[in-house]
Every structure is written in C-alpha cells, then in structure tokens.
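Below: one structure, written as structure tokens.
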Amino acid sequence: MQGRTGDHACVLQVRDLHVTFKADGESAEALRGMNLDLRQGEIHGLVGESGAGKSVLLHTLLNLNRGASFVRTTGRVLYEERNLLELFEPEIRRIRGAEIAIVFQEPAKHLNPGLTIEEHIRDLLRYHLGVTRRPAGARTAELLELVELPLRVLRQYAFELSGGMQQRAMIALAIACNPRVLLADEPTTALDVTVQRQILELLLRLRAELGLSVLFVSHDLAVVREVADRVSVLYGGKLIENAENSALFDRALHPYTELLLRSVPSAAMRGRALNVIPGTVPDATAVPPGCAFHPRCPIAAERCAIELPELRAHHEDHSVACFFPGQLVEPAGRQG
Amino acid sequence: MTPFVSVEGLSKTYTARSLLRRSRAATHAVRDVSFAIARNTIMGLAGESGSGKSTLARALVHLDPPSSGEVRVAGIPLARLGRRGLRKARRRMQIVFQDPHGALNPRLRIKYSLGEALANAGVPRRERRARAVELLRLVGLGPEHLDRYPRAFSGGQKQRIVIARALAGKPEFLILDEPVSSLDVSIQAQIINLLMDLKQRFGLTYLFISHDLSLVSYVSDSIGILQDGRLVEYGPAEQVLKQPRSEYTRALFDASPAMHRER
C-alpha cells in the first residue's frame, strides 16, 4: 500500500514552532520547537498520545489558534515560500480549506445540519473559486464520483448518512478546491473496521489520483503503519523520531517509540504480559526538563534530565531526538 | 466441568411505539445467543457498532431483563431470583464501562465513591476506610488518593478507580465493556496488564467486550463475534483466530489493521 516519493520536494515545512496557551493561570507550551517536513505526494503519519501536540499542530498549520487561553505562536510554517503565520486573515482564508484542506474525526460535528451536502459543496466552490450555479453542478457530481457516493446524497443532510458516508462527504468537501495538502485528523477513529478500511483505501486512491500530500494524524499505530509512507512520533510537544514507514516500525530508535510499539496487544503477544511504559504522558504545564521522556525512560542517564536532545539524522532518512538511540535492549523471546 | 457463566438462547427485543401510529416496530437487538464461560477464563466479544455488544452485556446481568432465554451464573438462573436475590447476586458480577469520566460522580471524593460500593457490599462502616485503601492498593493507587475528587486523576487512574470500585463486593465475574477504548496506547497496556493480574490473583471470570480485534485476540480464551445481534462465531480463541467459521469473521479480521505481522 506504500509508495515512495522520488524527489524530496516539500510542500509544507514547519520550523521551530512554539505554541503557548494559558491553563489555570499557568503557561503551557503545547508545542516546544516543532520541526516537520511534509514531502510532495507523501502520506505522512503523525502519531502521539494525548497532549503530545497533534491537534495543536494541525490548528497552527491553518492559523486557527485563538480564544482566551491562546497566548502566542512563534516559528514558521512555510508553504509556497510564505510563512502562513504572518499572513493576514483574508490571505490565509484563501488558503485554508482550499489549498490546505482538513478532514476531522467526527464529520457530523463539522457539517451544518441545516444544509444538504450539495449546498455545502456549492457554498465552498462559490466562496473559494467564485464558481456560479451551473458549472458548480458539474463539479459537484464529479466530486461525489471521486469519493464513491451516489448522486442522491446531494439532496441529503448529514444526519441521514451513515458515519462512513459522512466521512466521504467531508472528504469530498476537502478536495473540492483541488488542495495540495490534506490534513487528516483521526479520520477513521470513530468508524468500524470495515468502514475504516474503505476510507483508508479512498485516501490512498485520492493521493495517487490527485497528487495530494497528506498529513495523517492518528493515535492508532496499526492504522498509520498501513497507510503512511513516513511516520513522525510526537512526545511532549516535540517531534522525537521521523523515518520511513518500515524503518520506524521495524527499527525504532527512540526508546519511547520502541516501548510504544511493544505495548500494543495482538494475537502474537498472547500469554505474555504487555510491555508497559510507567507513568503518564506529561502535561503541557509541567513538561520535564531535558528530554521530556526521561522520567519514564528505562535507559535514561544523568544528562537526559539536563540537556535537551535535538532531532538529528541517525542515518540516512531516519532522525531521532535521543542521546542513546537504538540502545534499548530487546526483551527476551521477542524474536523467532 | 460446568461453566461459571452460561447463556442459553438469550434474546432482547425492543418495541418502539410511534406517537401517531398504533403499530409497534420490534427491534431484535440480540437474537438467540448462547455461550458459556469457564471459571477463571476470558471470553472476548467483538462486533461492529450496533451489533448488540452492550445490549447483551446489560441483558446478561439483568440490568435490562432479557426478552427470552436463560442466564446462569455459578449455576443459579438469574431469572428465578427476586429483586432482592438479584441484588445480592449482582455483587458477584460487575460491569466496567468504557468511559471512566462518566462512571465517577465528579462531586464525590474517591473515598465516598468507594465507600458507597463497600456499603452496598455489606461492609460495616468502621471497616470501610481500611478496605478502600486495600482496594486502591490492588489497582496500583495509594491512601493519599482517598480524599481527592475525580478531576484530579488522569483517564487511566480513573479507570483504575472504577475497577477498584467494581472489586468492592469481591465479585467473581466482571463484564468489561470497552474498558480501555478511551485511553492512550501506553495507558491501555497498563490497564490490560492490571486486569490480567487481578484475574489470576482472584480467580476472576471476564466477559471482555471490545471493537478492537487485536485486543480481543490478545486477552481471550474464547471468542464470540456478534453481527446484527447474532453470535455468528463462537469458539476457543485459537480456533477462531486460525480457522474462523463465518465469512463475516474473516472479513472483520481482514479489514482490521494489524500491528504485528505474522512472524
């Protein structure tokens, strides 16, 4: 299911991104120097547990951070040689939802219950592309065909559709203006496995047909393993490991990644205790100094509590932010 | 050996009467389900949303009495018990639900949540504090947690407290309805290991309900697959995993993303 990009042209680059919120009077840094490259045409899996910064990153990419608790963003989000964080609202609005589109976990929450699917698509086309009534009709039918929905869906409301069909409608909206980048925020988490499979296959097909670059955010390692070309692991508001799919899943270098992979239950693990990472994920108001993972890390040394390991290329195309990459010992009896 | 839990021909039908019309539409949420769970083993129950997993769980302990069929726990047919008998029998079986946030009263300190459960289990007042501490220890928490409110705990800790409360009446049978689905991956492993330890330690019997086939494959001694209220697959875990009998089971396993490829 995986394809590889020939060149390494990037459509989206995140550089030294810091995002700060205020929680109960305390300042909480949700992203603490995030760097990320989204390459042209790839599906980039972004995994992490709650509080790792997945959602904040997506919001920041679309410049959507606001509200009373939001304090500031620093750093750069580069798209077509422009820093999205410096754009004025009218400019970012032309990009958001058109060139950079997003698909959410619960489509029903993001579709207007008072509008039919056709009205959603028509409004979007009119807003972004200024398309008038008649040409919009042709494009609408084309979009439905792309996401494999019957034409009758056009006259239906979100609540009349199943979860899988709602997600297809959401995807149709996302690709309506020919985006270059698709942000997918846990797009299959709320779906049953058979429907999940269909949506994943749809995303893979659209990537191939439309040349989309997809940032695929999920807490589900197995799903990411199935669809992603590259995978980045987030922990405590930082990117701690980044590699091509099989390199990450077969030869993880960061102790957190490796332990996380070992903690997933499966038939192959029957009769053996699951690996456990002690403690809990750090709260953004109290991220440990040094490497954020050091209090839970079995191979942490003194320096891990003091120095912050930077993300470095360990070998070609595989980066890790750890002073002791790949040094976690294999548990007995794992091979074979 | 007689099974600890046996279910024979269990059905649950809901009738919805529409406001305007006289007609009644019957929904067969669970149809003619039969299985048995041996003492100190785990039966995993999987199926997609709407397949009847939770309805089955509620009917099993007679929270919603089944429309037909018989449930026996430790040889006792639940339907024959009166209200008081049922209440007593329920101490021997407990349900742990998916959402630990909704399961704990946010206005009650943990000691009261546990105290209530202990009172229901007939533990005398003066022994309750010591028993509450003991329960917390069982799930990896300590006496310092007694005076806190649920909001002070993470999702994983809350689920530990919910499990501790379920153990208050020294149950023998637990129904675990998606017990880790709302938790982070690394926390899921902690709770699963805890549940497996408790099962060994107290000789517990589980019905483990989950939509996650990898998880069901990992924990179960026997596996049942529900589809539209029917048990379309039921047998020892090894057999279901290697040679599923129903087409539907095969389709489910094929669709399920796998973390560990066959080695």
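The number of residues in the range A:248-278 that are open to solvent by 10 Å² or more (accessible area, probe 1.4 Å), closer than 21 Å to residue A:219 by Cβ and more than 9 Å from chain B (Cβ to nearest Cβ) comes to 4.
Taken over the range A:311-326, residues that are at pLDDT 95 or above and out of contact with any strand residue (DSSP E or B) (no Cβ under 8 Å at 6 or more places or on another chain) amount to 2. Across the range A:206-221, the qualifying residues are those that are assigned to a helix (DSSP H, G or I) and more than 14 Å from every other protein chain (Cβ to nearest Cβ), and the one among them that is farthest from the chain's Cα centre (by Cα) is A:209. Scan the range B:167-182 for residues that are within 12 Å of chain A (Cβ to nearest Cβ) and surrounded by fewer than 23 Cβ atoms within 10 Å (Cβ to Cβ) and the total you get is 2.
Scan the range A:168-193 for residues that are more than 14 Å from every other protein chain (Cβ to nearest Cβ) and more than 15 Å from residue A:96 (Cβ to Cβ) and report the count. Matching residues across the range A:168-193 total 6. Taking (1) within 16 Å of residue A:204 (Cα to Cα); (2) in a helix (DSSP H, G or I) in turn, residue A:231 satisfies each apart from (2).
In the set A:98, A:136, A:141, A:108, which member is at pLDDT below 95, of a type in the set (Gly, Ala, Ser) and in contact with a Lys or Arg (Cβ under 8 Å, 6 or more places away or on another chain)?
A:136
Residue pairs whose Cβ atoms lie under 7 Å apart, separated by 6 or more positions or on different chains, with the first residue in the range A:130-146 and polar (S, T, N, Q) and the second open to solvent by 40 Å² or more (accessible area, probe 1.4 Å) and at pLDDT 90 or above, are A:140/A:122.
Exactly one of these conditions fails for residue A:288: (1) surrounded by fewer than 18 Cβ atoms within 10 Å (Cβ to Cβ); (2) within 14 Å of another protein chain (Cβ to nearest Cβ); (3) of a type outside the set (Gly, Ala, Ser). Give me its number. All conditions pass for residue A:288, except number (2). Listed by first and then second residue, the pairs linking a residue in the range B:69-91 that is under 13 Å from residue B:3 (Cβ atoms) to a residue that is open to solvent by less than 70 Å² (accessible area, probe 1.4 Å) and among the β-branched types (Val, Ile, Thr), with Cβ atoms under 7 Å apart and 6 or more places separating them unless they lie on different chains, are B:71/B:7; B:73/B:5.
A quick yes/no check of all residues on (1) in contact (Cβ under 8 Å) with a residue 24 or more places away in the chain; (2) buried (at least 17 other Cβ atoms within 10 Å of the Cβ); (3) away from chain B (no Cβ under 14 Å):
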{"residue": "A:40", "(1), (2), (3)": "yes, yes, yes"}
{"residue": "A:45", "(1), (2), (3)": "yes, yes, no"}
{"residue": "A:51", "(1), (2), (3)": "yes, yes, no"}
{"residue": "A:67", "(1), (2), (3)": "no, no, yes"}
{"residue": "A:93", "(1), (2), (3)": "no, no, yes"}
{"residue": "A:105", "(1), (2), (3)": "yes, yes, no"}
{"residue": "A:121", "(1), (2), (3)": "yes, yes, yes"}
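Evaluated against (1) surrounded by 22 or more Cβ atoms within 10 Å (Cβ to Cβ); (2) free of Cβ contacts under 8 Å to residues at least 40 places away in the same chain; (3) not acidic (Asp, Glu), residue A:232 falls short on exactly one condition, (2).
Is it true that some residue in the range A:159-169 is open to solvent by 50 Å² or more (accessible area, probe 1.4 Å) and in a helix (DSSP H, G or I)?
The answer is yes; a qualifying residue exists.
Just the residues that are part of a loop (DSSP other than H, G, I, E, B) and open to solvent by 10 Å² or more (accessible area, probe 1.4 Å), please, taken from the range A:180-205. Once the filter is applied, which keeps residues that are part of a loop (DSSP other than H, G, I, E, B) and open to solvent by 10 Å² or more (accessible area, probe 1.4 Å), the range A:180-205 yields A:180, A:186, A:189, A:190, A:191, A:192. The set of residues from the range B:148-167 being assigned to a loop (DSSP other than H, G, I, E, B) and more than 16 Å from residue B:91 (Cα to Cα) comprises B:148, B:149, B:153, B:154. Going by what's in this entry, would residue A:149 be described as modelled with pLDDT of 95 or more, among the aliphatic types (A, V, I, L, M) and open to solvent by less than 10 Å² (accessible area, probe 1.4 Å)? Against the criterion (modelled with pLDDT of 95 or more, among the aliphatic types (A, V, I, L, M) and open to solvent by less than 10 Å² (accessible area, probe 1.4 Å)), residue A:149 does not qualify. When residue A:282 is tested against (1) within 23 Å of the chain's Cα centre (by Cα); (2) crowded, with 20+ Cβ neighbours inside 10 Å; (3) under 28 Å from residue B:158 (Cβ atoms), only condition (2) is not met. Those strands (runs of 3 or more DSSP E) of the range B:196-254 in which 3 or more residues are open to solvent by 30 Å² or more (accessible area, probe 1.4 Å) and either more than 9 Å from chain A (Cβ to nearest Cβ) or touching a Leu at 6+ places or on another chain (Cβ under 6 Å) (or both) occupy B:230-236. Residue check: is residue B:186 open to solvent by less than 30 Å² (accessible area, probe 1.4 Å), of a type in the set (Gly, Ala, Ser), within 18 Å of the chain's Cα centre (by Cα) and at the interface with chain A (Cβ under 10 Å from one of its Cβ atoms)? Judged against the criteria, residue B:186 is not a match.
Take residue A:239 and decide whether it is buried (at least 18 other Cβ atoms within 10 Å of the Cβ), outside any strand (DSSP E or B) and in the same structural domain as residue A:215 (by TED's automatic domain parsing). No; evaluated as a whole, the condition is false for this residue. On the stretch given as the range A:64-103, residues that are on the phi > 0 side of the Ramachandran plot and touching a strand residue (DSSP E or B) at 6+ places or on another chain (Cβ under 7 Å) total 1.
The values are calculated or read from the model by the stated rules, or taken from the named source; none is laboratory data. Fair warning: this is a prediction, and the values are worked out from it, not measured in the lab. Every residue, glycine among them, receives a Cβ derived from its backbone with ideal geometry; neighbour counts consider all protein chains shown. Protein only, heavy atoms only, side chains kept; ligands, DNA and RNA dropped before computing areas. Shrake-Rupley method; radii C 1.70, N 1.55, O 1.52, S 1.80 Å.
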